[in-house]
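The values are calculated or read from the model by the stated rules, or taken from the named source; none is laboratory data. Only a predicted model underlies this, so the values are computations on that prediction, with no experimental measurement involved. Cβ atoms come from the backbone with ideal geometry, glycine included; neighbour counts cover every protein chain shown. Protein only, heavy atoms only, side chains kept; ligands, DNA and RNA dropped before computing areas. Shrake-Rupley method; radii C 1.70, N 1.55, O 1.52, S 1.80 Å.
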Amino acid sequence: LAEKLSLEDLGNGVYVHHGVHEDIAEGYHADICNISFIVGSKGIAVIDTGGSLKVGQALHDAIRSISTLPILYVINTHVHPDHIFGNAAFTQDKPTFIGHAKLPDAMERRRETYFRINQEWLGEAFAGSEMIKPSVLVKDSLKLDLGDRTLVLTAYPTAHTNTDLTVFDEKSSTLWTGDLLFVERTPSIDGDIKGWLSVINELKMHEAQNAIPGHSDSLQNANWKGQLNNEERYLWTLLNDVRASIKKGEPMEKAMDSAAASEQSYWKLFNVVNRRNVNTIYPALEWE
């Protein structure tokens, strides 16, 4: 991790730091997802904070190099460790921490595992990282006023995870999708594949011109809907292939090697993530 965080200035008070494409277990540096902030006339909202206190602090420094306005909100798009462990860098600002209604419970259930594995992956670089739960919970939707700009937060039923939340900034017509939209990087399922496919249909109707996915580049001028189509194609292919395997009575191991093979050339980290996905959905689909 560079000591100074690189920032993309999208204009209109929107800033994004793009994480790198590493798989969590291999060569992970806690800086793999997009972490962002939005500057209004009254204050700042932070969207996702990175995978460690250290990354969160680098984000905090980057914000302070742009603006001295108060940091009013820290929003987590879902429970995954690469998005939440930088929260602790913001406690001194006393912002309101916000997340999906199911986020505090999901954090609690995963606490022990997340601390153990991140300690293994990051060692010393994980020092001081804490799990800061949201105090304001979004069940359906919530509007935040940053001063001359409104953010609309929307909570979804189980899809990528059971804690997915999007943030829409009306002023710049930008939607932060969290990991409901994967670009380049193989979509990873930690929730419900059928639920995710139905959320994708909902997102396709969204008015946003621009999108910031959970990973990869910012997407301008509505081309993000095309990326949603790619993700949808992968998920349907995976779902149909796994269903076919189950119907043929193939064991899960075999499905892990063959399901969605036609998608391999389109996605990064395909082999490791796709196998994990089959492992996640196969047992659930056996009971359909």
Return the whole-Å distance between the Cα centroid of the range 150-174 and the Cα centroid of the range 32-56. 15
Along Cα→Cβ, 7 Å out, is where each label goes; now give me the distance between the ones at MET205 and GLU108 in nm to one decimal. 3.4
So, with points 7 Å from each Cα along the Cβ direction, the ASP93-ASN279 label distance in nm works out to 3.6
Against the 2.2 N^0.38 Å rule of thumb, the C-alpha Rg of the chain sits at a ratio of 0.98
Taking the Cα centre of the range 215-255 as the origin, how large is its charge dipole in debye, to the nearest 20, when only Lys and Arg (+1) and Asp and Glu (-1) carry charge on their Cβ atoms? 220
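What is the percent carbon and sulfur in the accessible area of the chain, measuring with a 1.4 Å probe over the protein chains and ignoring ligands?
Carbon and sulfur atoms account for 49 percent of the accessible area of the chain.
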Can you list residues from other chains, or at least 5 along the same chain, whose modelled amide H is less than 5 Å from the amide H of HIS215? ASN34, VAL183
For the pair LEU69/LEU197, report the inter-label distance in nm, with labels modelled 7 Å from Cα in the Cβ direction. 4.2
Please compute the contact order of the range 82-138 in relative form: average sequence separation of alpha-carbon pairs under 8 Å and at least six residues apart, divided by the residue count, as a percent. 65
Taking 0.36 nm per intervening residue step and subtracting the Cα-Cα distance, what contour gain separates TRP287 from LYS268 on full extension? 3.8 nm
Between the helical axis of 53-66 and the dominant principal axis of the chain, each derived from Cα atoms, what acute angle in degrees is found, rounded to the nearest 10? 50
Within the chain: Cβ-based charge dipole about Cα centre, in debye rounded to nearest 20 (Lys, Arg +1; Asp, Glu -1): 420
Kindly state, to the nearest 0.05, the FRET efficiency for LYS171 paired with ARG233, given R0 = 35 Å and r defined as their beta-carbon distance. 0.65
Cα-based helix-to-principal-axis angle, 103-122 vs the chain, degrees rounded to 10: 90
If you roll a 1.4 Å probe over the heavy atoms of the protein chains, what accessible area per residue do you get for the chain, in Å²? 42
In sequence order, what are the phi-derived ³J(HN,Hα) couplings for the range 40-46 according to the Karplus relation 6.51 cos²θ - 1.76 cosθ + 1.60 with θ = phi - 60°, rounded to whole Hz, with x for glycine and proline? x, 6, 9, x, 10, 10, 9
Over the range 143-215, relative contact order from alpha-carbon pairs under 8 Å, at least 6 apart, %: 32
Connecting C-alpha atoms closer than 10 Å in a GNM of the chain, tell me which of GLY50, GLY191, GLY86 has the biggest fluctuation. GLY191
Between 0 and 90 degrees, rounded to the nearest ten: what's the tilt of helix 193-204 against the longest Cα principal axis of the chain? 50
If you only keep lysine pairs separated by 8 or more in sequence, or across chains, how many in the range 71-198 come under 23 Å at the Cα atoms? 11
